[in-house]
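Here is the structure we will look at, set down as structure tokens.
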Amino acid sequence: MAVVNEGDLKRLRDFIALKTGIYIDDSKLEKIYAKKIGEFLKQSRYAGDFNAFYSAMVFEKDSKTLQEFINFITVNETYFFRESYQFDTLVEHILPELDGLREPGESINILSAPCSSGEELYSIAIYIMEKSSLIKKRDFSLVGIDIDSSMIEKAKRGVYRHRSVAKIPQDILNRYFKKVSNDSYEIEKNLRESLSFEILNVLDIYSLRRLGSFDVVFSRNMLIYFDDKKRREVISSFYSILKPNGYLLLGHAEKVPDDMSLFERIKLGESIVYRKR
Amino acid sequence: MALKKGTEGKVIRFMEFDEARVYIENMKGHPENFVLSAIDYMVDHKEYYFLFKNLYAQFGDSGGEEYIEYLFSRMKRCCERSQDTLLLKKMLLSLNEYLSFRVFIYIVDCCGYDLNDMLKNVKIGRRHLEYLLKHGECGYVRSFMRQIAQESEKNIETVCEFFRIYSENFEPKDNPCYDRGN
């Protein structure tokens, strides 16, 4: 394993924060990431040469290794129907309200950012198909974005391990998945082809805007990795791509800072949600 | 009706100053998405003076929270020109509390301004102090906090002196500074 000294680790930590928004605090940097980064560096084409690696990353001379490094740093823990009370809130409260506000024929657009390997966005799609009568009345456009290219590839492939689908009721599992091996399930083709997944960094405002405007943004368990400044920046970006009265749903441990008046914090069903003012 | 790919949103991106200018000069009179895109243009092209001047003129007293928040969230660098800094100082002292506090957050986050100078005459309340305490890693913040501590100590001494004289007519226990040995 290549040994990376404390100063170099901190330089790399600042670069990661700038590039991805993810801020690694001193204790995690030392206890968890020092060893992992050392291993990554040793196995990379730079064979342990930190300066060569760092220079290639900062000056973006090696986009392949940069993408691999971003994939390596990001956290991708998720599964189907995770914190499903928020999906209940979506179909029982948010969608009926938006239906009353939007023009007839206007589609409802939902963004999952970051979407990781797609479990959240597919869960939303299944909830809408199963529990919302609005699917008979309106089109829905569901988009997932993530900075990690390997996760987007996995989301598009739509094949998951048993552990990932364990929370899905059996009848729904049978309707939307095909068992392809002892431990893997594949999302039904029509559903897979109806959703969009893109590699995109939430800090890139222009790419985010290019996606269009949204009625609902799900951004769960990403902001906890950001520092205050980046958190505000991303929340403002979400605000700018939400339609009037659109909703932002965050993870249970996350919140819009109290002094940011862009959103109204309300309780709908079992969920705390943020409505654009 | 069904699940479908793609959204119908139009992307607004200004390429020239004059295209964006009109939306900044009259933020209240234009659709929000145009104004936000005009702010993007101005921030990316470092037109801070024009941006701040208009923000202050239109929202110096009240309102504009969405534009104030968006603008300062998009600011990735500290403005260095004296004309920009002067406008930041004006905004810090404005009647619009949202504007004032958001500029305060911006200059603390920047960690590139002498806060003893920038925050002169700014009324520092509890939420300012709470924010400063979270950013003690910045030298300018530490220096400003030292100054606050020194001033507070002077104030406390004055108050205690007042109570010392006042309590001469009462029991010492009625003096709130009794435990301080005054």
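Things to note:
- Elements of type helices (runs of 4 or more DSSP H) contained in region B:9-113, each with 3 or more residues being free of Cβ contacts under 8 Å to residues at least 40 places away in the same chain, away from every other protein chain (no Cβ under 14 Å) and not hydroxyl-bearing (Ser, Thr, Tyr): B:17-25, B:48-59, B:82-92
- Here the condition is being modelled with pLDDT of 95 or more, touching a Phe, Trp or Tyr at 6+ places or on another chain (Cβ under 8 Å) and in the same structural domain as residue A:245 (by TED's automatic domain parsing); of A:120, A:97, it holds for A:120 alone.
- Cβ-Cβ contacts under 8 Å between residues 6 or more apart (or on different chains), taken from a first residue in region A:96-108 that is under 16 Å from residue A:217 (Cβ atoms) to a second residue that is exposed (fewer than 14 other Cβ atoms within 10 Å of the Cβ) and not hydrophobic (A, V, I, L, M, F, W, C), are listed as A:107/B:8.
- Check on residue A:264, in contact (Cβ under 8 Å) with a residue 24 or more places away in the chain and either within 12 Å of another protein chain (Cβ to nearest Cβ) or not small (Gly, Ala, Ser) (or both): no
- If the condition is being crowded, with 17+ Cβ neighbours inside 10 Å and not polar (S, T, N, Q), then region B:22-33 contributes B:23, B:24, B:27.
Every residue, every condition in (1) β-branched (Val, Ile, Thr); (2) surrounded by 19 or more Cβ atoms within 10 Å (Cβ to Cβ); (3) over 23 Å from residue B:55 (Cα atoms), yes or no:
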site: B:92; (1), (2), (3): no, yes, no
site: B:95; (1), (2), (3): no, no, no
site: B:103; (1), (2), (3): yes, yes, no
site: B:108; (1), (2), (3): yes, yes, no
site: B:120; (1), (2), (3): no, no, no
site: B:126; (1), (2), (3): no, no, yes
site: B:134; (1), (2), (3): no, no, yes
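- Tally, over region A:88-116, of residues that are assigned to a loop (DSSP other than H, G, I, E, B) and more than 15 Å from residue A:142 (Cβ to Cβ): 5
- Looking across B:94, B:100, one residue alone is in contact with a Gly (Cβ under 8 Å, 6 or more places away or on another chain) and among the small types (Gly, Ala, Ser). It is B:94.
- Counted residues, region B:114-133 - those being in a helix (DSSP H, G or I), more than 14 Å from chain A (Cβ to nearest Cβ) and touching a helix residue (DSSP H, G or I) at 6+ places or on another chain (Cβ under 8 Å): 3
- Filtering A:196, A:213, A:207 for residues that are under 16 Å from the mean Cα position of the chain (by Cα), surrounded by 16 or more Cβ atoms within 10 Å (Cβ to Cβ), of a type outside the set (Phe, Trp, Tyr) and within 30 Å of residue A:159 (Cα to Cα) leaves a single hit, A:196.
- Residues located in region A:24-59, provided they are crowded, with 18+ Cβ neighbours inside 10 Å and not hydrophobic (A, V, I, L, M, F, W, C): A:33, A:44, A:46
- Boolean, residue A:235 is farther than 20 Å from residue A:122 by Cα, at pLDDT 95 or above and of a type outside the set (Asp, Glu): yes
- For region A:268-275, the criterion of being of a type in the set (Ser, Thr, Tyr) and surrounded by 22 or more Cβ atoms within 10 Å (Cβ to Cβ) is met by at least one residue.
- Single residue of region B:136-173 satisfying the filter (loosely packed, with under 10 Cβ neighbours inside 10 Å and not in a helix (DSSP H, G or I)) that is modelled with the lowest pLDDT: B:171
The values are calculated or read from the model by the stated rules, or taken from the named source; none is laboratory data. From a predicted model like this one, the values you see are computed outputs, not experimental measurements. Using ideal geometry, Cβ is built from the backbone for each residue, glycine included, and neighbour counts are taken over all protein chains shown.
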